[in-house]
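Participant: Below: one structure in structure tokens.
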Number of protein chains: 2
Amino acid sequence: METESKAYTGPTEVKEGNGRRMRFGELVLRVLALALTLAAAILLGVDKQTKVIPLTLAPNLPPLYVPATAEWHHMSAFVFFVVTNAIACSYAALSLLLTFANRGGKKGLAMMIIILDLVMVALLFSGNGAATAVGVLGYQGNSHVRWNKVCNVFGKFCNQVAAAVVVSLLGSIAFLWLVALAALNLQKK
Amino acid sequence: METESKAYTGPTEVKEGNGRRMRFGELVLRVLALALTLAAAILLGVDKQTKVIPLTLAPNLPPLYVPATAEWHHMSAFVFFVVTNAIACSYAALSLLLTFANRGGKKGLAMMIIILDLVMVALLFSGNGAATAVGVLGYQGNSHVRWNKVCNVFGKFCNQVAAAVVVSLLGSIAFLWLVALAALNLQKK
């Protein structure tokens, strides 16, 4: 009887050890996702650059020098990027609390967390795609539609946008990893 | 002994029935994902509009009328969109074969399919985000960076881009659903 009980305890302990390691990995990823999406939202949210640019009103008049400011809310793609990162960041904080609350391992709540993680992957990647598309246009312009590049003027602003996109991409990968980890975890059960 | 065997058969049959229904749902979703991403890639891939537009060389000369063509490969965001949809479409076809091949239910292969479905969600949503961001600029323009709207000229082209984005979004949701379904399936096991 004693040997039998020991034989059962062994694998359970290994399983529990694996579970604890997975739970720790999940917590680290959630904190990372929270920090990265927060950093991305702030990086673009505070991004602002003012430059004095020459404005030619007529070819025979000297140019007029006017100050121009580049800000995130001037471009709808950047607004979408900041909003998606803010949503993902708030959800990451909430999901940390929910994960702690769900130490008993309620299946319904765990499933809801996986689905919401997945929605965050979709939301963040679309925000990244939008910001990157506009960023590329800003750096290179497009001669076909006569959209001139603007990053030769607002270089600092553009570089900060690029940094925000990279940080947000890392945050999105953290969410993607969380979904993959959850699937792996469910499969092992 | 007979009652016991019957008691075990019942739930197994229900489980198998559920499993078969899930497998059918998965196949329908995969075929949908394949069709939608293929349609999106083709819709944008064949999108082309030529218009004769007036070009003012000097203010005291009459405008020069030149033909201008809008095509998907003129804009890097649209190229990315077509490429992501083509990748997702090819993968959907491959995954259909793999799902048929994996009727035995090998865990490793099933896990690989979930991870790749997840990667497709990320890829497609970033492509959608990029195409939408450029589409919005085309429809509305942006006065801050002096990018004029172009959809007043290339209306048909822009509408076809919008249709491709909607179709691709439905395809992306099919992949998202596939991941959610797989997680639900794993949890029930």
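Participant: I'd like to check something: does the stretch A:82-92 contain any residue that is part of a helix (DSSP H, G or I), at negative phi and facing chain B (nearest Cβ under 7 Å)? Even if it seems obvious, please write down each step before you answer.
Facilitator: Here is the first cut: in the stretch A:82-92, the residues part of a helix (DSSP H, G or I) are A:82-92.
Next cut, at negative phi only: A:82-92.
If we keep only those that are facing chain B (nearest Cβ under 7 Å) too, we end up with none.
No, the stretch A:82-92 contains no residue that is part of a helix (DSSP H, G or I), at negative phi and facing chain B (nearest Cβ under 7 Å).
Participant: Which residue pairs have Cβ atoms under 8 Å apart, sit 6 or more places apart or on different chains, and have a first residue in the stretch A:47-73 that is touching a residue at least 24 places away in the same chain (Cβ under 8 Å) and under 28 Å from A:Ala163 (Cα atoms) and a second that is loosely packed, with under 13 Cβ neighbours inside 10 Å and of a type in the set (Phe, Trp, Tyr)?
Facilitator: A:Ile53/A:Tyr65
Participant: Continuing with the same structure: Look at the stretch B:137-162 and say how many of its residues are assigned to a helix (DSSP H, G or I) and either among the charged types (D, E, K, R) or crowded, with 20+ Cβ neighbours inside 10 Å (or both).
Facilitator: Total satisfying the criteria: 6.
Participant: Still on this structure: Those residues that are open to solvent by 80 Å² or more (accessible area, probe 1.4 Å) and either at pLDDT 90 or above or not β-branched (Val, Ile, Thr) (or both), I need them from the stretch B:52-73; list them, please.
Facilitator: First pass over the stretch B:52-73, keeping only residues open to solvent by 80 Å² or more (accessible area, probe 1.4 Å): B:52, B:56-57, B:59-62, B:64-65, B:67, B:73.
The answer is B:Leu57, B:Pro59, B:Asn60, B:Leu61, B:Pro62, B:Leu64, B:Tyr65, B:Pro67, B:His73.
Participant: Next question. List the number of the failed condition for A:Gln49; all other conditions in (1) under 24 Å from B:Gln140 (Cβ atoms); (2) buried (at least 17 other Cβ atoms within 10 Å of the Cβ); (3) more than 11 Å from chain B (Cβ to nearest Cβ) hold.
Facilitator: Condition not satisfied by A:Gln49: (2).
Participant: Any idea which residue in the stretch A:173-189 is nearest to B:Lys188 (Cα to Cα), counting only those that are open to solvent by less than 30 Å² (accessible area, probe 1.4 Å) and more than 8 Å from chain B (Cβ to nearest Cβ)?
Facilitator: A:Leu178
Participant: Another question about this same structure. How many residues does the stretch A:121-153 hold that are within 9 Å of chain B (Cβ to nearest Cβ) and in contact (Cβ under 8 Å) with a residue 40 or more places away in the chain?
Facilitator: Of the residues in the stretch A:121-153, 11 are within 9 Å of chain B (Cβ to nearest Cβ) and in contact (Cβ under 8 Å) with a residue 40 or more places away in the chain.
Participant: Any residue in the stretch B:93-104 that is under 21 Å from B:Val165 (Cα atoms) and buried (at least 24 other Cβ atoms within 10 Å of the Cβ)?
Facilitator: Pass one, the stretch B:93-104, residues under 21 Å from B:Val165 (Cα atoms): B:93.
This time we only want the ones that are buried (at least 24 other Cβ atoms within 10 Å of the Cβ), so: none.
Looking for residues that are under 21 Å from B:Val165 (Cα atoms) and buried (at least 24 other Cβ atoms within 10 Å of the Cβ), one finds none in the stretch B:93-104, hence no.
Participant: Condition check: among the polar types (S, T, N, Q) and either out of contact with any strand residue (DSSP E or B) (no Cβ under 7 Å at 6 or more places or on another chain) or assigned to a loop (DSSP other than H, G, I, E, B) (or both). Does A:Thr132 satisfy that?
Facilitator: On the way: among the polar types (S, T, N, Q): yes; either out of contact with any strand residue (DSSP E or B) (no Cβ under 7 Å at 6 or more places or on another chain) or assigned to a loop (DSSP other than H, G, I, E, B) (or both): yes.
Answer is yes for this residue.
Residue-wise test of (1) under 30 Å from B:Cys158 (Cα atoms); (2) basic (Lys, Arg); (3) in a helix (DSSP H, G or I).
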{"position": "B:Lys51", "(1), (2), (3)": "yes, yes, no"}
{"position": "B:Pro67", "(1), (2), (3)": "yes, no, no"}
{"position": "B:Val79", "(1), (2), (3)": "yes, no, yes"}
{"position": "B:Gly104", "(1), (2), (3)": "no, no, no"}
{"position": "B:Gly127", "(1), (2), (3)": "yes, no, yes"}
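Participant: Does A:Leu170 qualify as being of a type in the set (A, V, I, L, M) and away from every other protein chain (no Cβ under 11 Å)? Steps first, answer last, please.
Facilitator: Details: of a type in the set (A, V, I, L, M): yes; away from every other protein chain (no Cβ under 11 Å): yes.
The answer is yes for A:Leu170.
Participant: Has the stretch A:94-114 got any residue that is facing chain B (nearest Cβ under 7 Å) and within 22 Å of the chain's Cα centre (by Cα)?
Facilitator: Narrowing the stretch A:94-114 to residues facing chain B (nearest Cβ under 7 Å): A:107, A:111, A:114.
Cutting the leftovers down to within 22 Å of the chain's Cα centre (by Cα) gives us A:111, A:114.
Yes, some residue in the stretch A:94-114 is facing chain B (nearest Cβ under 7 Å) and within 22 Å of the chain's Cα centre (by Cα).
Participant: Just to verify a result, which residue in the stretch A:52-81, among those that are hydroxyl-bearing (Ser, Thr, Tyr) and more than 27 Å from the chain's Cα centre (by Cα), is farthest from the other protein chains (Cβ to nearest Cβ)? Give the steps one after another, and end with the answer.
Facilitator: Filtering the stretch A:52-81 down to residues hydroxyl-bearing (Ser, Thr, Tyr) leaves A:56, A:65, A:69, A:76.
Adding the requirement that they be more than 27 Å from the chain's Cα centre (by Cα) leaves A:56, A:65.
Working: A:Thr56: 12, A:Tyr65: 16 Å.
Among those residues, the one meeting the criterion is A:Tyr65.
Participant: Within the bounds of the stretch A:105-124, is there any residue that is on the phi > 0 side of the Ramachandran plot and either touching a Lys or Arg at 6+ places or on another chain (Cβ under 6 Å) or open to solvent by 20 Å² or more (accessible area, probe 1.4 Å) (or both)?
Facilitator: yes
The values are calculated or read from the model by the stated rules, or taken from the named source; none is laboratory data. Note that the coordinates shown come from a computational prediction; the quantities given were computed from them, not determined experimentally. Positions of Cβ are backbone-derived with ideal geometry, glycine not excepted, and every protein chain shown enters the neighbour counts. Remember, those area values only see protein heavy atoms, side chains included, never the ligands or the DNA or RNA. Shrake-Rupley method; radii C 1.70, N 1.55, O 1.52, S 1.80 Å.
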